Amino acid sequence: MKVFVIRHGETEWSLSGQHTGTTDVPLTDNGRRQAERMRSMLARRTFSLILVSPLQRARETCGLAGLGEGAIIDPSLMEWNYGEYEGLTPQQIRAKRPDWLIFRDGCPGGETPRQVATRVDQVVARARAAAGDVALFAHGHVLRVLGARWIGLPPRAGQHFLLNTGTLSVLAYYHEIPAVRIWNGHIAD
């Protein structure tokens, strides 16, 4: 059993570095191309479960990658609620809080790392209960926490899992031990 973890394609806010939590921004043309490049690779697999964030950037990525028809919207895959930091860049936040780290500090008026981990743990349990391969379409920070939680690390460990837009990661097992098989993989043209 493998879990295919797909971060949505590029958006204007991901290009500018703005924290995009609950703001529902669309994919750019390049983001659509990133999603379409996944189609042929994902078409070779059969998925027993396909979960997608309710936000349009993830749903559009899922559809363009060819898995939209069988996808189930899962609110637990929503991006981190950035609260007062929504729409701000890391530089703008650090101008006020130089030592800020989302995976340690969370966001004022938004979610804590523990709250995000609780949501992600529900997705991990759902994926592990599936009868075969699983595909997850979601967002950068929430998927970084998911990668950490898959292998039993605390949510803070998400800081070590860099994740670009339009990428594919694969979580699996090594002798029944949860493992990261591929992380931040790019699909070539």
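The values are calculated or read from the model by the stated rules, or taken from the named source; none is laboratory data. For clarity, every value in this text was computed on a predicted model and none was experimentally measured. Glycine also receives a Cβ, built like all others from the backbone with ideal geometry; neighbour counts cover every protein chain displayed.
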Check: Got a sec? Which strands (runs of 3 or more DSSP E) wholly within the stretch 119-189 have at least 1 residues that are farther than 26 Å from E60 by Cβ and out of contact with any Phe, Trp or Tyr (no Cβ under 8 Å at 6 or more places or on another chain)?
Finding: 167-174, 177-186
Note to self: Checking the structure you have, find out if any residue of the stretch 4-24 is among the basic types (K, R) and within 22 Å of I102 (Cα to Cα).
What the structure shows: yes
Item checked: Only listed residue being in a helix (DSSP H, G or I), surrounded by fewer than 22 Cβ atoms within 10 Å (Cβ to Cβ), among the small types (G, A, S) and out of contact with any strand residue (DSSP E or B) (no Cβ under 8 Å at 6 or more places or on another chain), chosen from G63, G87, G109 -> G63
Next item on the list: Could you pull out the residue among A58, A65 that is touching a Lys or Arg at 6+ places or on another chain (Cβ under 8 Å), under 22 Å from G9 (Cα atoms) and of a type in the set (A, V, I, L, M)?
Entry: A65
Margin query: Looking only at residues that are of a type in the set (S, T, N, Q) and in a helix (DSSP H, G or I) in the stretch 1-28, which one is farthest from R181 (Cα to Cα)?
Written below: S16
Next item on the list: Could you please find all residues in the stretch 1-42 being under 15 Å from L168 (Cα atoms), modelled with pLDDT under 95 and either among the hydroxyl-bearing types (S, T, Y) or in contact with a Lys or Arg (Cβ under 6 Å, 6 or more places away or on another chain) (or both)?
Entry: S40
Note to self: Restricting to the stretch 63-73, give me the number of residues that are in contact with a Leu (Cβ under 9 Å, 6 or more places away or on another chain) and under 15 Å from G166 (Cβ atoms).
What the structure shows: 4
Next item on the list: Just give me the residues in the stretch 142-184 being surrounded by 14 or more Cβ atoms within 10 Å (Cβ to Cβ), without any contact (Cβ under 8 Å) to a residue 24 or more places away in the chain and touching a strand residue (DSSP E or B) at 6+ places or on another chain (Cβ under 7 Å), in sequence order.
Entry: F161, I182, N184
Notebook entry, point to check: Limited to the stretch 120-141, what total is found for residues that are farther than 16 Å from P178 by Cβ and either of a type in the set (A, V, I, L, M, F, W, C) or buried (at least 19 other Cβ atoms within 10 Å of the Cβ) (or both)?
Noted result: 7
Notebook entry, point to check: Considering only residues of the stretch 66-84 that are touching a residue at least 24 places away in the same chain (Cβ under 8 Å), closer than 24 Å to R39 by Cβ and not charged (D, E, K, R), which is surrounded by the fewest Cβ atoms within 10 Å (Cβ to Cβ)?
Noted result: G66
Margin query: Tally up the residues in the stretch 29-46 that are surrounded by fewer than 18 Cβ atoms within 10 Å (Cβ to Cβ) and part of a loop (DSSP other than H, G, I, E, B), please.
Written below: 3
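Table: residues versus (1) under 15 Å from the mean Cα position of the chain (by Cα); (2) free of Cβ contacts under 8 Å to residues at least 40 places away in the same chain.
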site: S14; (1), (2): yes, no
site: G17; (1), (2): no, no
site: T22; (1), (2): yes, no
site: E36; (1), (2): no, yes
site: I50; (1), (2): yes, no
